[in-house]
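The values are calculated or read from the model by the stated rules, or taken from the named source; none is laboratory data. Quick caveat: nothing in here was measured; it's all calculated off a predicted structure. Cβ placement follows ideal geometry from the backbone for every residue including glycine, while neighbour counts extend to all protein chains displayed.
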Amino acid sequence: MKWKVHRITFEFDEEKCNCGLAFCVEACGQGVLDFVEESDKMEVVNTVQCIFCRQCEDVCPTKAIIIHGTLTLQDVRGLALDTHLKDLT
């Protein structure tokens, strides 16, 4: 799975996700990730909530999660403004 927001690309390689420990799910404070016990794998359940903090990437022992790029303060302000404007309509 792969998605892009502004200059950030989030990549999740399901085949590499084989630790069964769910460190990434615990590290994510935004509810973007969930652990599926039947498969012992993580799944991305809510891309909209991702703030690209890289906590999941940092704790993944198999490097199944890779985040490329960075957001500037201007990008973050723009994202916040876009969200606010959508809420008003």
Counting only residues that are surrounded by 12 or more Cβ atoms within 10 Å (Cβ to Cβ) and in a loop (DSSP other than H, G, I, E, B), the stretch 34-46 contains a total of 4
Taking the stretch 1-29 and keeping only residues that are more than 15 Å from PHE52 (Cβ to Cβ) and of a type outside the set (A, V, I, L, M, F, W, C), one is left with ASP13, GLU14, GLU15, LYS16, ASN18, GLY20, GLU26
Selection from the stretch 47-89 of residues in a loop (DSSP other than H, G, I, E, B), at negative phi and either aliphatic (A, V, I, L, M) or modelled with pLDDT of 75 or more (or both) yields CYS50, ILE51, CYS53, CYS60, PRO61, THR62, ALA64, THR70, LEU71, THR72
Per the list (1) at pLDDT 95 or above; (2) more than 14 Å from the chain's Cα centre (by Cα), residue check on ASP34 breaks on (2)
Among residues of the stretch 1-20 being touching a strand residue (DSSP E or B) at 6+ places or on another chain (Cβ under 9 Å) and of a type in the set (A, V, I, L, M), the residue surrounded by the fewest Cβ atoms within 10 Å (Cβ to Cβ) is MET1
Restricted to the stretch 19-33 and to residues being in a helix (DSSP H, G or I) and touching a helix residue (DSSP H, G or I) at 6+ places or on another chain (Cβ under 7 Å), the residue nearest to ALA64 (Cα to Cα) is CYS24
